Amino acid sequence: MPNLTTGLFENAPVGGVRPSTMVSVNITNDGTTSQDVQIQGFFQSGTTKVLYVLELLVLAPGGVVLRNYFADFDAFEFQFVVSSEAVEVTVWGKDAAGNLTIAHRVVAQEVNPF
């Protein structure tokens with residue numbers, strides 16, 4: 001099972017406004033069989049990562065899932081445990097107006113194994 005991570009995103013306020021307040025996670029299954037995906041979201045509290053998102057889903061062949069999560073933290077990270085390399089994950093931060101945040105984006109080719 002591949003384990004993937006966005007790495008830790010710094011999200012400290014700039015001029016009193018955080019770059020991202022939400023995170024959009026797009027997951028696709030390009031395979032021919034159903035695949036399991038576990039989504040874990042963490043925020044940093046001091047030196048500790050705190051789990052605040054834990055979701056398990058089954059993605060049908062050719063299926064696509066879009067999830068939106070709260071991300072109004074100084075730092076956050078998302079990890080994914082997928083049952084096949086046919087599963088691709090893309091993550092985008094969004095500001096308070098719902099606009100994509102370039103600083104907090106990870107396309108499928110950039111999600112790191114851990």
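Brief remarks on what is shown
- Residue match in segment 65-74 (condition: in contact with a strand residue (DSSP E or B) (Cβ under 9 Å, 6 or more places away or on another chain), closer than 18 Å to T90 by Cα and polar (S, T, N, Q)): yes
- Residues located in segment 71-89, provided they are under 16 Å from D36 (Cα atoms), part of a strand (DSSP E or B) and of a type outside the set (A, V, I, L, M, F, W, C): Q79, E88
- Residues of segment 60-76 satisfying the condition of being surrounded by 16 or more Cβ atoms within 10 Å (Cβ to Cβ) and closer than 14 Å to N11 by Cα: A71, F73, F76
- Selection within segment 5-50 - hydroxyl-bearing (S, T, Y), part of a loop (DSSP other than H, G, I, E, B) and under 16 Å from T101 (Cα atoms): T6, S20, T21
Values quoted throughout were computed directly from the atomic coordinates according to the rules given, and no laboratory measurement underlies them. Remember, it's a predicted structure, so these values are computed and weren't measured experimentally. A quick note on method: Cβ atoms are made from the backbone with ideal geometry, for glycine too, and the neighbour counts reach across all protein chains shown.
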